[in-house]
Amino acid sequence: MGIAVLALHILGWGTLLLFVVPGQYQVQGAVFGVGLGVTAYTLGMRHAFDADHIAAIDNTTRKLVAENGRDKTHTVGFWFALGHSTIVFVMVALLAFGVRALAGSLEDESPPLHTWTGLWGTSVSGTFLIAIGLLNLVSLIGIWKVFRRMRGGELNEAQLEKQLDERGLLNRVLGPVVRLVRKPWQMYPVGVLFGLGFDTVTEVGLLVIAGGAAATGLPWYSILVLPVLFSAGMALFDSLDGSFMSYAYDWAFARPVRKIYYNLIVTGLSVAVALLIGVQEIISIFVEKLDITSGFVAWIGNLDLGDLGFIIVGLFVLTWAVAIAVWRLTDVEARWERDLAVD
């Protein structure tokens, strides 16, 4: 597992730094540099924190630990991410080369086509990301309500597990498939099925379109480095999540508050990043079409994907730093137990 995740990182970042960045390729007037790679990577990280991913890995790990013990369950997240990444890579490769062939034949004859293709791709991806963010927001609100009800003594741990099992739209649809898993490697086909979700294709598809791969004649490796970096970020954090749920099984399930707190943080991150990118994309369309050149709205609309990637990294670091500080300094677990004792 470790070797495979490391290989993805070496392949992705090595290709970007050694071949793409020195080429000084242009992407919508900006240099295709480290920032765009960071954006692809952080989109993969965001996807690993999606409610569907957390629920599928969490539920399967809990099931396998209960059936077989935790000795061989730590690769559940890795196999899930590997299946998911397969679809991401194939779909982006087909999309990139298909769009490139189409645009290459029409580049000189119909310049407006490229404008509307970029507009369409940005609007669709932005809309889908906002929709995914709102769906995960519903999950976040549901987890918060569970937290409040458990503190009030209205729910027991069995009811908590039932509530958490229902996170994520795809997880609810594919729940029966997940329950068929008996060994960690069987999460690979499950990951493939989850990879067919529109949100994943949209996220990486927007990078291909934003990168202008079709119109600017970027070499094939500069196109495919994006899904590799996306997969590297997703595989790392899905693997860490699976390992955490396996090795820290006793910690995670010894107190319900630990599991609720963990899910609140990771789902909140998924919501924030999806809405941040989706809203920025929609605003960028209005800024361009309405010729807005100054003010806060113009600043947001003119952010490129590279800048946004660094902002997302900062958001991840800040969120986890605050979450750990709140957990330790406010003694969340002790307060939870006191509240239950009073009730």
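Where helices (runs of 4 or more DSSP H) fall wholly inside the stretch 76-191, the ranges with 2 or more residues that are modelled with pLDDT of 70 or more and touching an Asp or Glu at 6+ places or on another chain (Cβ under 6 Å) are 76-106, 111-151.
When each of Ala248, Ala214, Ala252 is tested for being over 12 Å from the mean Cα position of the chain (by Cα), modelled with pLDDT under 75 and open to solvent by less than 10 Å² (accessible area, probe 1.4 Å), the lone residue that passes is Ala252.
Checking Val38, Val20 one by one, the residue that is open to solvent by less than 10 Å² (accessible area, probe 1.4 Å), at pLDDT below 90 and in a helix (DSSP H, G or I) is Val20 and no other. When the stretch 290-334 is filtered for residues that are free of Cβ contacts under 8 Å to residues at least 12 places away in the same chain, closer than 28 Å to Tyr25 by Cα and part of a helix (DSSP H, G or I), the ones remaining, listed by number, are Ala298, Trp299, Gly314. Within the set Ile283, Ile209, the sole residue that is touching a helix residue (DSSP H, G or I) at 6+ places or on another chain (Cβ under 8 Å), at pLDDT below 75 and on the phi < 0 side of the Ramachandran plot turns out to be Ile209. Right, Ala51: modelled with pLDDT of 65 or more, touching a Lys or Arg at 6+ places or on another chain (Cβ under 7 Å) and surrounded by 16 or more Cβ atoms within 10 Å (Cβ to Cβ) or not? The answer is yes for Ala51. Looking only at residues in the stretch 314-343 that are among the β-branched types (Val, Ile, Thr) and at pLDDT below 80, the one that is nearest to the chain's Cα centre (by Cα) is Val332.
The values are calculated or read from the model by the stated rules, or taken from the named source; none is laboratory data. These numbers were taken from a predicted model, which means no experiment stands behind them. Reconstructed Cβ throughout: ideal geometry from the backbone, glycine too, with neighbour counts over all protein chains shown. Note: areas computed on protein heavy atoms with side chains; ligands, DNA, RNA excluded. Shrake-Rupley method; radii C 1.70, N 1.55, O 1.52, S 1.80 Å.
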